[in-house]
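Bear in mind these aren't lab numbers, they're just calculated from the coordinates by the rules spelled out. Computed from a predicted structure; not experimentally measured. Cβ coordinates were reconstructed from backbone atoms using ideal geometry, including for glycine residues, and neighbour counts include every protein chain displayed.
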Amino acid sequence: MQPLILKGSKSTPSIHFDPASHVLRLQGQSYPENASKFYAPVFAWLREYLAQPEGTRVCVDVELAYFNSSSSKILMNFFEILEKTAANGTSVEVFWRYREDDETSLECGEEFKEDAPGLSFHLVPLTEE
């Protein structure tokens with residue numbers, strides 16, 4: 001299976017899903033005009049990847065400086081899919097990275113963590129250097 005690599009834009013995150021390393025990375029901002037349309041190939045790739053023989057661990061690295069309500073719903077669906085994978089025996093670790101001074105991002109991460117108890121969910125503050 002080939003990696004999924006989407007270059008980010010002003011309103012869409014960069015996405016790098018590497019099936020060899022089992023790392024799924026989203027980074028940037030997410031407020032596409034049509035979130036469902038933008039994320040449709042991402043979900044198709046994810047479902048195909050997760051249908052492969054089960055791996056022992058999947059690492060999800062999310063660093064979104066901003067996302068709108070449509071993207072929030074997409075993220076919830078994303079975590080639900082991952083939670084089903086975890087329920088089937090695959091270890092899924094999520095690293096929710098947020099700027100230390102961004103309380104909104106921290107609160108969103110806390111809500112996702114609470115809504116997806118089947119995932120090993122880590123809130124990781126990013127310090128400015």
Which whole-number percentage describes the relative contact order of region 4-126, with Cα contacts under 8 Å and a sequence gap of 6 or more? 22
For residue 61, distant residues with modelled amide H under 5 Å away: 24, 25, 26, 95
Value of [θ]222 nm, deg cm²/dmol, for the chain, DSSP H segments ≥ 4, -39500 (n - 2.57) each, nearest 500: -12500 deg cm²/dmol
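Within 14 Å, Cβ to Cβ, of residue 66, how many net charges do the neighbouring residues add up to if Lys/Arg are +1 and Asp/Glu are -1? Numbers along the way, then the final one.
Values: positive: 10, 97, 99; negative: 63, 101, 102, 103, 107.
Cβ neighbours under 14 Å give a net charge of -2.
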Going residue by residue through region 105-116, the Karplus relation 6.51 cos²θ - 1.76 cosθ + 1.60 with θ = phi - 60° gives ³J(HN,Hα) values, rounded to whole Hz and with x marking Gly or Pro, of 5, 4, 4, 4, x, 4, 5, 4, 4, 5, 7, 10
If you stretched the chain out fully between residue 5 and residue 106, how much longer would it get, using 0.36 nm times the residue separation minus the C-alpha to C-alpha distance? 33.7 nm
When the Karplus curve 6.51 cos²θ - 1.76 cosθ + 1.60 is applied with θ = phi - 60°, which whole-Hz ³J(HN,Hα) does each residue of region 58-67 get, with x for Gly and Pro? 10, 10, 10, 10, 10, 9, 10, 5, 7, 8
Calc'd 3J(HN,Hα), region 69-81, phi into Karplus 6.51 cos²θ - 1.76 cosθ + 1.60 (θ = phi - 60°), Hz, glycine/Pro = x, comes to 5, 5, 5, 4, 5, 4, 4, 4, 4, 4, 5, 5, 4
Calculate log10 I(q)/I(0) of the chain for q = 0.15, 0.17 Å⁻¹, where I(q) comes from the Debye formula with a single equal point scatterer on each Cα and nothing for solvent. -0.67, -0.88
Could you calculate the contour length gain from residue 40 to residue 95, that is, 0.36 nm times the residue separation minus the distance between their Cα atoms, to one decimal place in nm? 17.5 nm
Any idea how far apart residue 52 and residue 18 come out in nm if each label point goes 7 Å out from Cα toward Cβ? 1.3
Amide H to amide H, which residues 5 or more places from residue 126 or on other chains are under 5 Å from it, using H placed in the peptide plane? 98, 99, 100
Note down the nm distance, to one decimal, between modelled labels 7 Å out along Cα→Cβ at residue 128 and at residue 59. 2.8
Compute the distance in nm between two label points, each set 7 Å from the Cα along the Cα-to-Cβ direction, one at residue 120 and one at residue 77. 2.8
Going through region 98-128, which GluC sites (Glu not before Pro) have at most 12 other Cβ atoms within 10 Å and a DSSP loop state? 100, 128
Convex hull volume per residue in cubic angstrom - Cα atoms of region 81-129: 60
Going by amide H atoms built from the backbone, whose H comes under 5 Å of the H on residue 8, apart from near neighbours? 14, 15
